[in-house]
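This report refers to the structure that appears directly beneath it.
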Amino acid sequence: MFKKIYLFIFISAITTTVALAQQSVDVNFNGLGYLDNREYKAFIPRSRTYSGTRTALDFGLNLDSLNHFVVGANMLHEFGAIPFYVDVAPVAYYHFQSPTWLFNAGEFPREGLTTDFPRALLNDTLMYYRPNIQGLLARYKSNDGTFTETGFIDWLSRQTDVEREQFMFGASGKWRPDAYGPFYLSHYFFLMHDAGAAILLPNDHIGDNGGFEIRAGLDFTHKQTTFDSLSFEAGTLVALERDRGLTGWHTPAGIVASVYASYHRFAFFDEFYRGQGARITYGDSYYEKSIYNRLDVIYTPFLYKHIKGQFVASFHFSPGHFNDNQEAFRISYDLGRKVIARFK
């Protein structure tokens, strides 16, 4: 009995010592600069120029190889704006990561976690004005790399006497029957819950708005030599809308198809939509049209380690509007996590 107790104490002491020896503090700095000019005749309120710089600085306490705490801030300056920083978003979260699981709890960057959602569901201005998720996120990835699934909940507004209670929850995933084969299936879903303020207004109703996409794709990136990357996707888009107690579910649907190809520093992306028109609050407005096509022509002049600069010329085609266009330059940089102290 005592030998077992001593053995347990000895193993625990060694495990604790190893864990303490792995503790460290690191720092990360990253940012995004953008100049995004949009000439939209189809949606005049969104025909404007977005410009600014987001910079994020955070410090991480690494308890071991799996458990981490991160604190910092993500700051936005819009060119010409006064005060200088028009928005400061706190970064404070617990992060767990193993070969198969990732879990975040707190206020953490959405980059690389939900930024793969189609623009019909989550538009691309979120990277400018709402870079963080406030809530929880979990991701599972199978050991053989054939299956990935992510689920999250993101609080948008806390209920007060005058402020509404709003949050969104969603999931995305991808499955490849063969880890090295070109065929895959993917899905994306989110729903925003919009409840009233604590002091209810007359004729106010709880609303739900969101949508989902299911796609089949072929990725020939590692199967051919002409292009650096080549992929095709096709599927269906379904919007989800209702005012509780007033209407039932309204589910306009349509088909989507896209192609992406890149060669050295040039790339293009083309997506076509045909359907009933999807009114998704956080989605791109063009998908409200019954027919829509978007062509992105992309040039990457700056590509150095953790720095990437891109010019993107976008052409939008919808009924009655064939000359809507958009020109954007974005430069992103991420210096990676650098250890600045270790504890033993």
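Out of curiosity, is W175 of a type in the set (F, W, Y) and closer than 30 Å to V162 by Cα? Criteria not met by W175. Filtered by the rule that a residue be surrounded by fewer than 14 Cβ atoms within 10 Å (Cβ to Cβ) and among the charged types (D, E, K, R), region 219-249 gives K223, R244.
Output the residues belonging to region 281-292 that are without any contact (Cβ under 8 Å) to a residue 60 or more places away in the chain and outside any strand (DSSP E or B). The answer is E288, S290. If you go through region 36-66 and pick out every residue that is part of a loop (DSSP other than H, G, I, E, B) and either in contact with a strand residue (DSSP E or B) (Cβ under 9 Å, 6 or more places away or on another chain) or free of Cβ contacts under 8 Å to residues at least 40 places away in the same chain (or both), you end up with 9.
If you go through region 321-344 and keep only what is surrounded by fewer than 17 Cβ atoms within 10 Å (Cβ to Cβ), in contact with a His (Cβ under 8 Å, 6 or more places away or on another chain) and either among the hydroxyl-bearing types (S, T, Y) or in a loop (DSSP other than H, G, I, E, B) (or both), you end up with L335, G336. Considered as a group, the residues in region 135-166 that are within 30 Å of D178 (Cβ to Cβ) and of a type in the set (A, V, I, L, M) include one that is surrounded by the fewest Cβ atoms within 10 Å (Cβ to Cβ), and that residue is A138.
A single member of D144, D58 is among the charged types (D, E, K, R) and at pLDDT below 95, and it is D144.
In region 80-108, of all residues being outside any strand (DSSP E or B) and in contact (Cβ under 8 Å) with a residue 40 or more places away in the chain, the one that is nearest to K141 (Cα to Cα) corresponds to T100. With the condition kept exactly as written, say whether any residue in region 84-91 is more than 17 Å from the chain's Cα centre (by Cα), farther than 30 Å from D324 by Cβ and among the acidic types (D, E). No, the conditions are met nowhere in region 84-91. Please find, within region 255-264, the residue that is surrounded by the most Cβ atoms within 10 Å (Cβ to Cβ) out of those that are within 23 Å of W175 (Cβ to Cβ) and without any contact (Cβ under 8 Å) to a residue 40 or more places away in the chain. The qualifying residue surrounded by the most Cβ atoms within 10 Å (Cβ to Cβ) is Y260. Residue pairs whose Cβ atoms lie under 7 Å apart, sitting 6 or more positions apart in sequence or on different chains, and linking a residue in region 143-160 that is free of Cβ contacts under 8 Å to residues at least 40 places away in the same chain to a partner that is loosely packed, with under 13 Cβ neighbours inside 10 Å and charged (D, E, K, R), are S157/E163.
All conditions but one from (1) free of Cβ contacts under 8 Å to residues at least 24 places away in the same chain; (2) surrounded by 15 or more Cβ atoms within 10 Å (Cβ to Cβ); (3) over 21 Å from L35 (Cα atoms) apply to S318; the one that does not is (1). Among the conditions (1) touching a residue at least 12 places away in the same chain (Cβ under 8 Å); (2) surrounded by fewer than 17 Cβ atoms within 10 Å (Cβ to Cβ); (3) over 16 Å from E213 (Cβ atoms); (4) in contact with a strand residue (DSSP E or B) (Cβ under 8 Å, 6 or more places away or on another chain), G277 misses just one, which is (3).
For region 286-313, the candidate set comprises residues that are buried (at least 18 other Cβ atoms within 10 Å of the Cβ) and of a type in the set (S, T, Y); within that set, the residue that is nearest to S47 (Cα to Cα) is Y286.
The values are calculated or read from the model by the stated rules, or taken from the named source; none is laboratory data. All of these numbers come straight from a predicted model, not from anything done at the bench. Using ideal geometry, Cβ is built from the backbone for each residue, glycine included, and neighbour counts are taken over all protein chains shown.
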